[in-house]
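Colleague: Before I ask anything, let me first share the structure, which is written out below as structure tokens.
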Amino acid sequence: MPIYRNWMDCGRWRYCRFSSGMPHCAFAVTSISSTVIPSRGGATHSLTNLYFAFPHGEVGVALFFALSGFVIAPSLTTRPQKEHWARTFYRRRFGRIYPPYAITLLSCWAIVAGLGLTRHAGPDPLGYAAILGLGFMNGIVRDTPSPFNPPMWSLEVEAQFYILAPLIGVGLARVRAGPQRIVLLAVFAGLCVAASAMLDVRLGFDGRFRFGLLAHAHLFLIGMLLRERYHHPGRLAVRHTGYDTLFLASLAGMIFVGREITRVDTRFGGGWADVAAQAALSIVIIGTFLGGIHGPRASRLLANRWVGALGVMSFSIYLIHIVVMEALATILPRILPMTVTWQLYVVWILLLSGSATLAGMAFFLTVERPTLVSLPRTMLRQMLSPRREVG
């Protein structure tokens with residue numbers, strides 16, 4: 001996730017470290033993908049039952065969205081009085097995510113078209129789907145996953161939120177920082193959840209595609225709300241072991257919510273069921289943030305050099321994890337046939353998750369890092385090097 005200099009306005013290294021390390025929690029996405037792929041690989045026994053024991057990767061994506069709101073909030077609330085601030089915001093945001101995204105999409109398009117892998121293509125020509133994907137419009141227009149890399153739906157939702165974000169910034173700039181902004185963001189987030197739930201009752205939509213922004217906008221707003229809580233930097237100095245307990249309880253809650261999302265395959269049916277699910281997800285995300293910032297042990301864990309490095313690379317890992325896993329799931333059964341349940345869910349999960357993580361690191365070093373335009377090289381070096389925690 002992107003890192004800005006104005007994150008450092010509080011002078012707290014821990015704050016920057018938390019924001020870079022938290023995406024590592026979103027490896028729930030990679031973990032669940034490594035269980036889905038062997039489950040549909042034709043194996044028998046009780047693999048389906050084992051799949052439903054795992055939390056859905058949607059909880060990891062939700063954490064990504066909240067973190068994005070957390071990161072961009074200062075850019076939206078401190079710059080509206082400056083000339084060309086919106087243009088600077090768009091340049092930094094899209095300069096950060098678009099080059100790796102486009103490179104991945106075009107590479108996957110070449111592979112899919114070259115090998116004739118049209119399982120997710122549907123009736124539309126691949127070139128048409130690629131053009132829509134490059135414009136972050138595949139989900140809105142086709143209302144289906146990308147035929148090249150299905151997890152890209154979340155990048156489309158994120159880009160769509162970025163397009164509207166300056167309007168939110170203009171509104172927030174007119175409200176006094178602190179409790180007033182927090183209340184405004186909370187009300188707006190609640191309205192988004194209610195509107196999505198009511199629309200889901202009528203249309204029964206999949207919240208990852210055409211109405212993805214409406215279904216997930218509250219998560220970005222929650223991230224912005226959390227950032228607003230630290231308008232006064234002194235609040236970062238609060239430390240209590242109770243927050244460590246909150247951190248662990250929130251992670252456990254995230255697993256529980258994730259399993260419920262798996263049970264319904266992300267479709268709660270609208271109405272109060274949607275509201276309850278999103279409220280529970282929001283609560284555990286807030287608890288994870290607060291526990292990670294204020295828990296003495298949790299904050300030290302997230303300030304670890306290697307956790308921070310994985311957090312910096314998590315965007316690359318997310319971009320290509322399905323591609324790597326699909327390739328391995330196609331090739332490896334010919335070499336390493338698996339028919340026993342424990343073999344499938346131990347060896348495969350470790351192999352797929354590990355391979356996706358290593359490949360993502362390589363992608364970061366060779367593709368994402370050279371294309372970074374919003375992350376100063378000096379800050380990147382700081383993120384990947386040990387540093388004593390301030391305060």
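The values are calculated or read from the model by the stated rules, or taken from the named source; none is laboratory data. What you see is a predicted model; the values in this text were computed from it and never measured. Glycine also receives a Cβ, built like all others from the backbone with ideal geometry; neighbour counts cover every protein chain displayed. Surface areas here come from the heavy atoms of the whole protein model, side chains and all, with no ligands, DNA or RNA. Shrake-Rupley method; radii C 1.70, N 1.55, O 1.52, S 1.80 Å.
Colleague: Of the numbered conditions (1) hydrophobic (A, V, I, L, M, F, W, C); (2) at pLDDT 85 or above; (3) within 22 Å of Glu326 (Cα to Cα); (4) open to solvent by 10 Å² or more (accessible area, probe 1.4 Å), Ile163 fails exactly one; give the number of that condition.
Modeller: (3)
Colleague: Hey, another quick one. Can you tell me which residue among Leu251, Leu246, Leu301, Leu236 is farther than 30 Å from Tyr101 by Cα, open to solvent by 40 Å² or more (accessible area, probe 1.4 Å) and not hydroxyl-bearing (Ser, Thr, Tyr)?
Modeller: Leu246
Colleague: Now for a separate question. Among all residue pairs at least 6 apart or on different chains, which show Cβ distances below 7 Å where the first residue, located in the stretch 298-326, is over 14 Å from Ala362 (Cα atoms) and the second is among the basic types (Lys, Arg) and crowded, with 19+ Cβ neighbours inside 10 Å?
Modeller: That search, which allows pairs on different chains as well, returns Ser299/Arg14; Leu302/Arg17; Ala303/Arg14; Ala303/Arg17; Gly308/Arg17.
Colleague: Is it the case that some residue within the stretch 199-218 is open to solvent by 20 Å² or more (accessible area, probe 1.4 Å), within 19 Å of Ile72 (Cβ to Cβ) and of a type outside the set (Ser, Thr, Tyr)?
Modeller: Yes, the conditions are met somewhere in the stretch 199-218.
Colleague: If I filter the stretch 319-338 for residues that are in a helix (DSSP H, G or I), closer than 30 Å to Tyr101 by Cα, under 21 Å from the mean Cα position of the chain (by Cα) and not aliphatic (A, V, I, L, M), do I get at least one hit?
Modeller: Yes - at least one qualifying residue is present in the stretch 319-338.
Colleague: Within the stretch 140-150, does at least one residue satisfy the condition of being open to solvent by less than 60 Å² (accessible area, probe 1.4 Å), modelled with pLDDT of 90 or more and hydroxyl-bearing (Ser, Thr, Tyr)?
Modeller: no
Colleague: Let me spell it out: the conditions are (1) more than 29 Å from Ser146 (Cα to Cα); (2) at pLDDT 85 or above; (3) of a type in the set (Gly, Ala, Ser), and Ser282 meets all of them except one. Which number is the exception?
Modeller: Condition not satisfied by Ser282: (1).
Colleague: What's the number of the condition Arg229 fails, among (1) within 22 Å of the chain's Cα centre (by Cα); (2) at pLDDT 90 or above?
Modeller: The single condition Arg229 does not satisfy is (2).
Colleague: Continuing with the same structure: Give me a count of the residues in the stretch 182-198 that are in contact (Cβ under 8 Å) with a residue 40 or more places away in the chain and either open to solvent by less than 20 Å² (accessible area, probe 1.4 Å) or touching a strand residue (DSSP E or B) at 6+ places or on another chain (Cβ under 9 Å) (or both). Don't jump to the end; show me each part of the working.
Modeller: Residues of the stretch 182-198 that are in contact (Cβ under 8 Å) with a residue 40 or more places away in the chain, as a first pass: 182, 185, 189, 193-194, 196-198.
Retained after the next criterion (residues that are either open to solvent by less than 20 Å² (accessible area, probe 1.4 Å) or touching a strand residue (DSSP E or B) at 6+ places or on another chain (Cβ under 9 Å) (or both)): 185, 189, 196-197.
Matching residues across the stretch 182-198 total 4.
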